[in-house]
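Each remark here refers to the structure printed beneath this line.
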Amino acid sequence: MIKGFKEFITRGNVIDLAVAVVIGAAFTAVVNAIVASIVTPLIEIFWQPDEEGVAGIQVPDLYGGEVTFPVGDLINAAISFLAVAVVVYFVFVMPMNKFKERAAAKAGVAEEEAADVPTEQELLIQIRDLLAKDDTSAKP
């Protein structure tokens, strides 16, 4: 059980995942700061924030007050998500796919070289045939 856990940890997937989570969290904080300091003011140009500071579409409710649909928050969240997704794709996914393609190409070359080498069964058949041939030629 411990040996299996050790193999799982040393395989590299766990380390890669941990690094991705830490970098993703740090990058998410940067993207959220950019969105809050640049995108939110741009959104507030079109939608004035209400008393609570929420930018969005204000609609009168049934009781004479107003309800605010927080469109600004939705746009901020969408931009944050897209920015993080783009960076994760170009920094992590695309390089890993290229690495896997190169590894597969190298493995393909190794498989082609291995295809020229006879298998163990083919070698045993050849030995059997040679022994049978020698056995028949030794008989008078």
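Coordinate-derived values only; no laboratory data. In this text the structure is predicted, and so the values were computed from the model without any measurement.
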For the stretch 61-131, what does the convex hull of the Cα positions come to per residue, in cubic angstrom? 123 Å³
Karplus (6.51, -1.76, 1.60) ³J(HN,Hα), θ = phi - 60°, over the stretch 18-31, in Hz, Gly and Pro reported as x: 5, 4, 4, 5, 5, 5, x, 5, 5, 5, 4, 5, 5, 5
